[in-house]
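The values are calculated or read from the model by the stated rules, or taken from the named source; none is laboratory data. From a predicted model like this one, the values you see are computed outputs, not experimental measurements. Methodologically, a virtual Cβ is constructed for each residue, glycine included, from the backbone with ideal geometry; neighbour enumeration extends over all protein chains shown.
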Amino acid sequence: MACDQPPDLDLGFKSLNYYPIGYRLPPDRAPSAARQTAITDSLNTEVELAHLSALERLNKMVTAFASMMRHETRTALVGIQGLSELIRDGGLSADEIKTCADEIFGAAQKIDALIGQMFDLNRLETGQTSFRRTRIDVNSIVSEVVLRTRAGTRQLSIGLEQSSVPLFVSGDPDRLRQAIQNVFGFITGTATTGGHIAVATRPEDQHVVVCIGSNTLKIAQFDDWLYGRYDRYEQRPSAIVGAGLDLAIARAIIDMHGGRIEVTTTPREGSEFRLVIPAA
């Protein structure tokens, strides 16, 4: 049934969307056949361009994903292949076979960990992960992470300067520990022997800040590429050897807590990561 009162709207392309269902334009105001064809062609072109853009993004993601898998698994797979050949060819003692088996097992664990990271990041980004909130002191988490890292890293000096007062945030203790450990692990993994890592916690403008810096890590023109899921492997693979998806996961966790991760780099002092989380 046609509407009796037409809206007082311009007959431009966008305004057609606002006419009531069933309304019929009078003949003297109806667009010409050529105009209707132009509108239809324009809509079809927009849809086709949107589909093309989506396909291009998907293609880039698939290419980058393949690059990431190749980059992160190459060393482990080469090791597995070489050690397996040694065992197959024979001539090894029982102790040597055990050593090879241990190395193969460790390489397989690295690949398994990478796959686990992929699933974990997907759950975080889609909200399909459990998240419990409690009031926790960030100082205690940072102390635990530093203590564990010191025990397993003898080639680096690690300094810790913590706030003299508790720094409380509202969040998931396990996830926050994972985020801090991931950033810490990235920095220790890229630091050179004899380097120094400085860790500090402080209150700052209604937030709790965790600073983790390295005097040997210098990331030129740092931006969001390092947090990317896979695309960073296509852009600067030489700068992220062994990084996996740790930083992408850390960023997703801090985002869940309403915070952010910042990075500063100076030529002489190296790079520093700042995890900024709202105080509770």
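Remarks
- Applying the set (1) modelled with pLDDT of 80 or more; (2) in contact with a helix residue (DSSP H, G or I) (Cβ under 8 Å, 6 or more places away or on another chain); (3) not assigned by TED's automatic domain parsing to the domain that holds residue 264 to residue 121 leaves exactly one unmet item: (1).
- Just one of the listed residues (144, 103, 85, 161) is at pLDDT 85 or above and touching a Leu at 6+ places or on another chain (Cβ under 6 Å), and it is 103.
- For region 219-252, filtering for residues that are out of contact with any strand residue (DSSP E or B) (no Cβ under 9 Å at 6 or more places or on another chain) and modelled with pLDDT of 85 or more leaves 2.
- Filter result for the condition that a residue is outside the structural domain of residue 211 (by TED's automatic domain parsing), closer than 17 Å to residue 182 by Cβ and assigned to a helix (DSSP H, G or I), over 104, 115, 80: 115
- Restricting region 164-198 to residues that are among the β-branched types (Val, Ile, Thr) and modelled with pLDDT of 90 or more, the residue that is nearest to residue 214 (Cα to Cα): 197
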